[in-house]
């Protein structure tokens, strides 16, 4: 009998995002072969016993192993910026080298707003060519038009590629002894805590020479972007993207105009015990949100303005 190949997965979350993490982990396990031994490390500070029970039972139901990595939020400076889009949990991944057990030598970090379509075996065993991490180019490319142009001024003169920290393959064995949490905090202080994309800026500044760029279409398909700019739809995304990333607006949020790739997220949500409550919340927010009506009004106003302009042009042409 062949021994299973171990792969390590980690994510950081809070209680508010537990259900979305459950959907992501469901998609992960649904698409991994039986030949893999999956170890999941969950970084958290406020998960309830019920949250832990839900996630732990999910991982165990697929034959995986779960490890709880509690984080003391007091280690984070009060000056670190957070927002409605980025909570303090985004910084938890900066602790990975410090808190992971010694037997973890490499690990895949995944954001919660992700769907896994295919096996991650190839990603996990990617040859990093002596680099410390693997990641995909970010959707935001320089020049940024914000403070990052100043932060990365030196890097931008030397072939810098800004990577997305939402999916990373980390060579923990090599990172140990070279970097630790204190190094990232010292860098944040050096930047006067004026990061734009928070810890993603810190990771890019610290490791820009130490990252191997991976196939973005395969390992970090930015769903909204490929839908609008590359004409990629549900079936294409399901086939091409091992990892589909819903950055920005989320499939479970009702307050904006949606697109068909989001059906991938709902496919896996339907497999969870939270499907109906997630759907009820989504429908409530969608029907109470004025965005479509406002967009219709805006289009009508533009059409009225264009008609008026056309009438003026015709009037001039007829003279």
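Being in the same structural domain as residue 149 (by TED's automatic domain parsing), free of Cβ contacts under 8 Å to residues at least 40 places away in the same chain and within 19 Å of residue 162 (Cβ to Cβ) narrows it down to one of 211, 196, 226, so name that one. Reasoning before the result, please.
Details: 211 fails: free of Cβ contacts under 8 Å to residues at least 40 places away in the same chain; 196 fails: free of Cβ contacts under 8 Å to residues at least 40 places away in the same chain.
After ruling out the rest, the residue left standing is 226.
When region 241-264 is examined, which residues are found to be farther than 18 Å from residue 166 by Cβ and in a helix (DSSP H, G or I)? Write out each step before concluding.
Taking region 241-264 and keeping what is farther than 18 Å from residue 166 by Cβ, we get 254-260, 263.
Scanning region 241-264 gives 260, 263.
Check whether at least one residue in region 159-169 is surrounded by 13 or more Cβ atoms within 10 Å (Cβ to Cβ), over 20 Å from residue 86 (Cβ atoms) and touching a strand residue (DSSP E or B) at 6+ places or on another chain (Cβ under 8 Å), and report yes or no.
The first filter runs over region 159-169 and keeps only residues surrounded by 13 or more Cβ atoms within 10 Å (Cβ to Cβ), leaving 160-169.
Remaining after also requiring over 20 Å from residue 86 (Cβ atoms): 160-161, 169.
Now drop any that are not touching a strand residue (DSSP E or B) at 6+ places or on another chain (Cβ under 8 Å), which leaves 161, 169.
Yes - at least one qualifying residue is present in region 159-169.
Return the only residue of 278, 303 being assigned by TED's automatic domain parsing to the domain that holds residue 117 and either over 16 Å from residue 25 (Cα atoms) or touching a residue at least 24 places away in the same chain (Cβ under 8 Å) (or both).
Going through 278, 303 in turn, the sole match is 278.
Condition test on residue 28, is it in contact with a helix residue (DSSP H, G or I) (Cβ under 7 Å, 6 or more places away or on another chain) and either at pLDDT 95 or above or farther than 23 Å from residue 268 by Cα (or both)? Even if it seems obvious, please write down each step before you answer.
Numbers: in contact with a helix residue (DSSP H, G or I) (Cβ under 7 Å, 6 or more places away or on another chain): no; either at pLDDT 95 or above or farther than 23 Å from residue 268 by Cα (or both): yes.
Spelling it out, it is not the case that residue 28 is in contact with a helix residue (DSSP H, G or I) (Cβ under 7 Å, 6 or more places away or on another chain) and either at pLDDT 95 or above or farther than 23 Å from residue 268 by Cα (or both).
Where residues in region 230-249 are surrounded by fewer than 15 Cβ atoms within 10 Å (Cβ to Cβ) and modelled with pLDDT of 95 or more, which of them is nearest to residue 128 (Cα to Cα)? Don't jump to the end; show me each part of the working.
Narrowing region 230-249 to residues surrounded by fewer than 15 Cβ atoms within 10 Å (Cβ to Cβ): 230-231, 233, 235, 239, 248.
From what is left, the residues that are modelled with pLDDT of 95 or more are 230-231, 233, 235, 239.
Details: 230: 28, 231: 31, 233: 31, 235: 30, 239: 25 Å.
Looking at the filtered set, the residue picked out is 239.
Restricting attention to region 1-15, which residues are touching a residue at least 24 places away in the same chain (Cβ under 8 Å) and more than 15 Å from residue 243 (Cβ to Cβ)?
Here is the first cut: in region 1-15, the ones touching a residue at least 24 places away in the same chain (Cβ under 8 Å) are 2, 4-15.
Within region 1-15, 2, 4, 5, 6, 8, 12, 13, 14, 15 qualify.
If we only count strands (runs of 3 or more DSSP E) wholly inside region 26-141, which ones have 3 or more residues that are surrounded by 18 or more Cβ atoms within 10 Å (Cβ to Cβ) and in the same structural domain as residue 195 (by TED's automatic domain parsing)? Explain how you work it out, then say what you get.
Values: elements: 36-44, 65-70, 107-110, 114-116, 133-137.
Where strands (runs of 3 or more DSSP E) fall fully within region 26-141 and carry at least 3 residues being surrounded by 18 or more Cβ atoms within 10 Å (Cβ to Cβ) and in the same structural domain as residue 195 (by TED's automatic domain parsing), they are 36-44, 107-110, 114-116, 133-137.
The values are calculated or read from the model by the stated rules, or taken from the named source; none is laboratory data. Note that the coordinates shown come from a computational prediction; the quantities given were computed from them, not determined experimentally. No Cβ is skipped: glycine too gets one built from the backbone with ideal geometry, and neighbour counts run over all protein chains shown.
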